[in-house]
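Read through the structure below, which is laid out as structure tokens, and then see the notes.
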Amino acid sequence: MTDDVQISLADGVQTIRLNRAAKKNALTAAMYATMTDAIEQGDANPAVAAHVILGSGGVFSSGNDINDFLATAHGVSVPTHVLRFIRLLPRIAKPVIAGVDGPAVGIGTTLLFHCDLVYATPSAVFATPFLDLGLVPEAASSLLMPARMGYARAFEMLALGAPFPASRMVEAGLINAIVPASDLDAKVMEAAVALAAKPPEALKAARRLMRGDPSEIIKRTDAEAVTFAERLASPEAREAFQAFLEKRPPDFSKLKTSG
Ligand code: COA
């Protein structure tokens, strides 16, 4: 458990609020664990009909904590807590509604492709700069982003690392609506409470039909994790992580390449 994620329950809606604004809601091991436990417990709790995910302090999330990435860069696998969260995403049984204000980076964006409804503010910015960090896409984003946004837009985000403003994410089909920051929480809650009032078994069945068989998504998640782990340990990734923490541009020119 960590205070960096706050969990609350009201009107049949479990809210998961990221609460580490000083570090732009970068996700630590404890935060992944708290989020994963909350979703698993909420799915098993008849008092919970829907999950809501929100940021705080004008930020949704800056993605995985880069200090954690650096600490595990010598390892040979993706850290267990990250993998547990990522493998849960396609298996979540109840609807997930997200509200995005400010930056949503890395998994801050890729987790949204597992949500059922996403609302954002005019200052929301979505970015998946995996390549710039020497990494590869995760959370089945290599499958879900091309499928949802079309290959051209997905490649622009995943390979070029181009940040997309909220307006482009509406066009891309990820976001349901852009609302003023002062209305975001209320809009998200309104949708979640409306879903919570639906006949639960019909909702579950409709959602299962619309989302289809998750096995292909889970398979992709696992395949990505193998390459992601190799990349985490690479000199390119280590240089990118160090550069971010030292607030300088990365210099890949001195790294040995295989030709
Ligand atoms: N991991 C660890 N620390 C992070 C972080 C991350 N993912 N994102 C932000 N922080 C920290 C910064 O190091 C800084 O810490 P400091 O105050 O001790 O120096 C603090 O949060 C504020 O970040 P800063 O970069 O100064 O804020 P900003 O408003 O200028 O930029 C972002 C916000 C989100 C655009 C920028 O922080 C960013 O790009 N973060 C990294 C995103 C990323 O690459 N994530 C991994 C994706 S796989």
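The values are calculated or read from the model by the stated rules, or taken from the named source; none is laboratory data. Keep in mind the model is a prediction, meaning the values are calculated, not measured. Note: ideal-geometry Cβ built from the backbone for every residue, glycine included; neighbour counts use all protein chains shown. For accessibility, only protein heavy atoms count, side chains too; no ligands or nucleic acids. Shrake-Rupley method; radii C 1.70, N 1.55, O 1.52, S 1.80 Å.
Remarks
- Selection from VAL125, GLY55, GLY42 lying farthest towards where the dipole of segment 1-148 points positive, charges on Cβ: VAL125
- Between segment 217-245 and segment 126-142, the alpha-carbon centres lie 9 Å apart.
- Fraction of accessible area attributable to carbon and sulfur, segment 59-211 (%, probe 1.4 Å): 64
- Sorted from longest to shortest, the spans of the Cα atoms of segment 95-230 along the three principal axes equal 45, 34, 23 Å.
- What you get for the chain, charging only the Cβ of Lys and Arg (+1) and of Asp and Glu (-1), is a dipole of about 280 debye around the Cα centre.
- The orientation-averaged projected area of the convex hull spanned by the Cα atoms of segment 1-133 comes to 8.0 nm².
- Residues of the chain: accessible area per residue with a 1.4 Å probe, Å²: 47
- For the peptides 109-117, 177-185, the ranking by mean Cβ contacts within 10 Å, running from highest to lowest, is 109-117, 177-185.
- Debye intensity ratio I(q)/I(0), log10, segment 192-259, q values 0.13, 0.24 Å⁻¹ (C-alpha model): -0.66, -1.05
- Percent breakdown of C-alpha pair distances by 5 Å bin, ordered from the shortest bin, for the chain: 1, 6, 13, 18, 20, 19, 12, 6, 3, 1, 1, 0, 0
- Computed on segment 131-259, with alpha-carbon pairs under 8 angstrom and 6+ residues apart, the relative contact order is 37 percent.
- Cβ-placed point charges (K, R +1; D, E -1), dipole of segment 65-185 about Cα centre in debye, nearest 20: 420
- Placing unit charges on each Cβ (+1 for Lys and Arg, -1 for Asp and Glu) gives the chain a dipole about its Cα centre, and among ALA22, LEU9, LEU112 the Cα reaching farthest toward its positive end belongs to LEU112.
- Rounded to the nearest 20, the size of the Cβ-charge dipole of segment 205-259 about its Cα centre is 180 debye, with Lys and Arg at +1 and Asp and Glu at -1.
- Taken as Cα centroids, segment 109-124 and segment 1-19 sit 17 Å apart, rounded to the nearest whole angstrom.
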